[in-house]
1. Pulled fully out, how much extra length does the chain show between S11 and R204, if you take 0.36 nm times their separation in residues and subtract their Cα-Cα distance?
2. Over what distance in Å are the Cα centres of region 108-186 and region 195-262 separated?
3. Order these by the 10 Å Cβ neighbour count, fewest first: L13, L187, L142, L207.
4. How large is the convex hull of the C-alpha atoms of the chain per residue, in Å³?
5. Where in region 250-270 is the amide nitrogen less than 19 Å from a point lying 7 Å along the Cα-to-Cβ axis of S215?
6. In nm, to one decimal, how far is the modelled label at E157 from the one at D79, with both set 7 Å along Cα→Cβ?
7. Any idea what the dipole of the chain comes to, in debye rounded to 20, about its Cα centre with Lys/Arg Cβ at +1 and Asp/Glu Cβ at -1?
8. Would you work out which of V101, A40, A220 lies farthest towards the positive end of the dipole of the chain, given +1 charges on the beta-carbon of Lys and Arg and -1 on that of Asp and Glu, about the Cα centre?
Amino acid sequence: MLWFAAMLQSSLLTFLAEHPNSVLVEIAQAMGSTPREQGAWMLVSDETTWGTIGGGQLEFMAIDNARAMLGGGGSEAMDIPLGPEIGQCCGGRIRLLFKPVTGTVAAELAHRQEWETRTNPAVFMFGAGHVGLALAWALAPLPLSVTVVETRAYALEGLPHEVIGRVVAMPEALVPDIPAGGAAVILTHDHALDFLIAREALARADLPYVGMIGSRTKRATFAAWARREGMAPEMAERLVLPIGGSVVKDKRPEVIAAMVAAELLTVLSATRLRGHAAES
């Protein structure tokens, strides 16, 4: 999975700076069952690649053609059936376009990635303890805009560079900053603070996911606290606690992070699809 390692180690701009002689490979049309959608793209240089159009023999063929283009040959387009003849069984068909990366193309790609980043669902994580840090690393390569909020500046020192860190005295005051359609994941070192953040987040009907690390006992404690605070029962019931589901009984931070990442993607992707459907 060299393309994935490259994405983790290098930003798009870094790749373009280090590999100015490269080719853009883009899916111009995707028909039937295909490994990636129309508009997916990757970059190919003589030595390495950035991104993916779906892997497998399809991608090997695309890389070969792109490198042939770098050498003065190759084609500007390929129409590839994804069948037994190339060792893939998707059954669909893909049309690829190949374009040498010029200054204009590089600027367009940077603009496209910036737009995609801006429109990614937002995840605000409150707390950067062991689980919080593991979750930040799990979410960093995903199509999400991640912010970690902490009261302790030193706790943010191990964050991946894709993640924004914010140090504030009152984390609950940042809940209004979460863009609509985003998520609040509450993992602080203080149960009382957890509850304050949850109250602010649950008051927002435009956040499809509000989750808190903890146990069934903590959930019962929160429910009792919410009743004393006069919180509507249906509001308190929206809280996901514990986060990450209850099927896998594993308390290692990395495992919890993987399960929470899957949970977030499921909820936020479904919300985004409903939003696109409503707009159309």
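Values in this text are rule-based calculations from the coordinates and carry no lab data. This one's a predicted model, so the numbers in the text were calculated from it and none came from an experiment. Methodologically, a virtual Cβ is constructed for each residue, glycine included, from the backbone with ideal geometry; neighbour enumeration extends over all protein chains shown.
1. Extra length from S11 to R204 when fully extended: 66.1 nm.
2. Each part's Cα centre sits 18 Å from the other's.
3. Least crowded to most crowded, the residues run L13, L142, L207, L187.
4. Here the figure is 157 Å³ per residue.
5. Those under the cut-off are 250-257.
6. Here the answer is 6.0 nm between the modelled labels.
7. Once rounded to the nearest 20, the dipole reads 940 debye.
8. A220
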